[in-house]
Amino acid sequence: QVQLVESGGGLVQPGGSLTLSCVASGGDFAAMSIEWYRQAPGKQRVWVAKITSSGSIGYTDSVKGRFTISRDNAKNSVFLQMNSLKPEDTAVYYCYRRTTDLWGQGTQVTVSS
């Protein structure tokens, strides 16, 4: 059974950077499209970025130019490089596999001085 495990969250000052990782265990990772979502306190979970099995990429407008999604199939991993972080980026970040409706447990990102 496939599982998704996120890591890399933490506390960072405004303008700082973090890289999140999502590691998949089991399954054919190279064939997976993976998405990142985030959920801020008291708000709905919202879509952030995606990368398909062929490497096609998409971002929500609020993170374009600041976040970069990538994958390393040899490591069964998808990464979210987050630069120029803002307080409004504070949220729990989740990776998601849509075809099986599979979520990771989430990793907390807090942007604060």
Probe 1.4 Å, heavy atoms of protein chains only: per residue, the accessible area of the chain in Å² is 51 Å²
Springs between alpha-carbon atoms under 10 Å, Gaussian network over the chain: tell me which of THR90, THR99, THR19 tops the mean-square fluctuations. THR99
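With an 8 Å cut-off on Cα pairs and a minimum separation of 6 or more residues, tell me the relative contact order of the chain in percent.
37 percent
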Largest first, what is the accessible-area ranking of TRP103, TRP36 with a 1.4 Å probe? TRP103, TRP36
May I ask for the distance between the Cα centers of region 3-46 and region 64-78, given as a whole number of Å? 10 Å
Taking all protein chains as present, what is the carbon and sulfur share of the accessible area of the chain, in % to the nearest whole number, probe 1.4 Å? 48 percent
Kindly provide the trypsin sites (Lys or Arg not before Pro) of region 22-102 that DSSP labels as loop, not H, G, I, E or B, and whose Cβ sees at most 12 other Cβ atoms within 10 Å. LYS43, LYS64
Restricting to lysines and to Cα separations under 26 Å from LYS86, and discarding same-chain partners fewer than 8 apart, the set is LYS43, LYS50, LYS64
In Å³ and rounded to a whole number, note down the convex hull volume per residue for the Cα atoms of region 31-75. 88 Å³
Select from GLN44, GLN81, GLN13 the residue whose mean-square fluctuation is largest in a Gaussian network model of the chain (Cα-Cα springs shorter than 10 Å). GLN44
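Of all alpha-carbon pairs in region 62-113, indicate the percentage at a distance above 17 angstrom.
Within region 62-113, distances greater than 17 Å cover 48 percent of Cα pairs.
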Magnitude of the Cβ-charge dipole of the chain, K/R +1 and D/E -1, about the Cα centre, nearest 20 debye? 140 debye
Space enclosed by the convex hull of the alpha-carbon atoms of the chain, per residue, Å³: 90 Å³
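The values are calculated or read from the model by the stated rules, or taken from the named source; none is laboratory data. Keep in mind the model is a prediction, meaning the values are calculated, not measured. Here the Cβ is made from the backbone with ideal geometry for all residues, glycine too, and neighbour counts use every protein chain on show. For the accessible areas, the whole protein counts, side chains as well, though only heavy atoms, and no ligand, DNA or RNA atoms are used. Shrake-Rupley method; radii C 1.70, N 1.55, O 1.52, S 1.80 Å.
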